[in-house]
1. Just to be sure before I move on: is residue 131 closer than 19 Å to residue 166 by Cα, in a loop (DSSP other than H, G, I, E, B) and either touching a residue at least 24 places away in the same chain (Cβ under 8 Å) or in contact with a helix residue (DSSP H, G or I) (Cβ under 8 Å, 6 or more places away or on another chain) (or both) in the structure I sent?
2. Show me the helices (runs of 4 or more DSSP H) found entirely inside the range 1-76 where at least 3 residues are under 30 Å from residue 231 (Cα atoms).
3. Which helices (runs of 4 or more DSSP H) does the range 147-234 wholly contain that include 1 or more residues that are out of contact with any strand residue (DSSP E or B) (no Cβ under 8 Å at 6 or more places or on another chain) and at pLDDT below 95?
4. Pull out all pairs, ordered by first then second residue, where Cβ-Cβ is under 6 Å, the residues are six or more apart or on different chains, the first lies in the range 21-48 and is over 28 Å from residue 123 (Cβ atoms), and the second is surrounded by fewer than 12 Cβ atoms within 10 Å (Cβ to Cβ).
5. Only one of 133, 91 is modelled with pLDDT under 95 and surrounded by fewer than 18 Cβ atoms within 10 Å (Cβ to Cβ). Can you tell me which?
6. When you scan the range 72-87, do you find a residue that is in contact (Cβ under 8 Å) with a residue 12 or more places away in the chain, farther than 29 Å from residue 38 by Cα, in contact with a helix residue (DSSP H, G or I) (Cβ under 6 Å, 6 or more places away or on another chain) and surrounded by fewer than 17 Cβ atoms within 10 Å (Cβ to Cβ), even just one?
7. Could you figure out which of (1) in contact with a helix residue (DSSP H, G or I) (Cβ under 9 Å, 6 or more places away or on another chain); (2) closer than 18 Å to residue 163 by Cβ; (3) in contact (Cβ under 8 Å) with a residue 24 or more places away in the chain isn't true of residue 101?
8. Can you tell me which residues in the range 94-122 are surrounded by 13 or more Cβ atoms within 10 Å (Cβ to Cβ) and in a loop (DSSP other than H, G, I, E, B)?
């Protein structure tokens with residue numbers, strides 16, 4: 001792993017096609033060595049193949065995208081990823097190895113939304129981490145409601161995903177994101193049934209509809225998680 005990190009600046013200069021190949025090889029190696037994957041609800045993925053879908057998940061670790069990219073390999077998934085990940089050699093390498101759409105967090109990134117809608121229009125899927133960042137508590141944190149705009153504009157089914165154990169495989173190191181250490185652990189990934197947002201007509205007077213929808217969506221994820229992972233949605 002140390003040798004790999006040393007040559008990362010050079011690897012990131014390679015053509016994207018080569019980086020994608022190397023990224024798949026290295027991701028498969030890491031997951032086979034450090035992760036024991038258990039997937040529940042695979043039938044949902046099969047049913048959603050070649051159908052535009054927005055997948056939403058809790059976010060515990062930088063390895064979340066690697067795990068989900070493998071599981072969603074038949075769902076034409078593109079990940080909404082914060083632009084700051086492009087600044088770190090390690091996360092930049094893995095970003096280039098998967099289909100992703102850069103987005104500037106905390107702002108109405110019209111370009112990213114247009115790209116996501118285009119991908120959905122072609123029958124692809126979009127993966128979003130609605131919390132907007134990895135949870136430092138190991139459980140759900142307050143959602144950022146910005147993702148509701150894309151869900152509203154796309155008007156496609158939303159599938160909730162629940163991750164458990166990735167925070168053990170690759171714990172967060174806020175002092176050195178590129179120096180995070182891998183550990184072996186079991187990872188559970190659970191897929192729920194597709195759902196649609198509540199209608200505005202059902203929104204109580206004086207309640208923010210987007211906030212209500214964001215809370216509704218996050219509780220779909222929370223319902224599949226073990227209690228210790230539910231956090232503010234427990």
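1. Spelling it out, residue 131 is indeed closer than 19 Å to residue 166 by Cα, in a loop (DSSP other than H, G, I, E, B) and either touching a residue at least 24 places away in the same chain (Cβ under 8 Å) or in contact with a helix residue (DSSP H, G or I) (Cβ under 8 Å, 6 or more places away or on another chain) (or both).
2. Correct list: 16-34, 42-47, 64-71.
3. 147-154, 209-222
4. 34/184
5. 133
6. The answer is yes, given that some residue of the range 72-87 is in contact (Cβ under 8 Å) with a residue 12 or more places away in the chain, farther than 29 Å from residue 38 by Cα, in contact with a helix residue (DSSP H, G or I) (Cβ under 6 Å, 6 or more places away or on another chain) and surrounded by fewer than 17 Cβ atoms within 10 Å (Cβ to Cβ).
7. (2)
8. 97, 98, 99, 105, 109 - these are the residues of the range 94-122 that are surrounded by 13 or more Cβ atoms within 10 Å (Cβ to Cβ) and in a loop (DSSP other than H, G, I, E, B).
The values are calculated or read from the model by the stated rules, or taken from the named source; none is laboratory data. Keep in mind it's a predicted model, so treat the numbers as computed, not measured. Note that each Cβ is placed from the backbone with ideal geometry, even for glycine, and that neighbours are counted across all protein chains shown.
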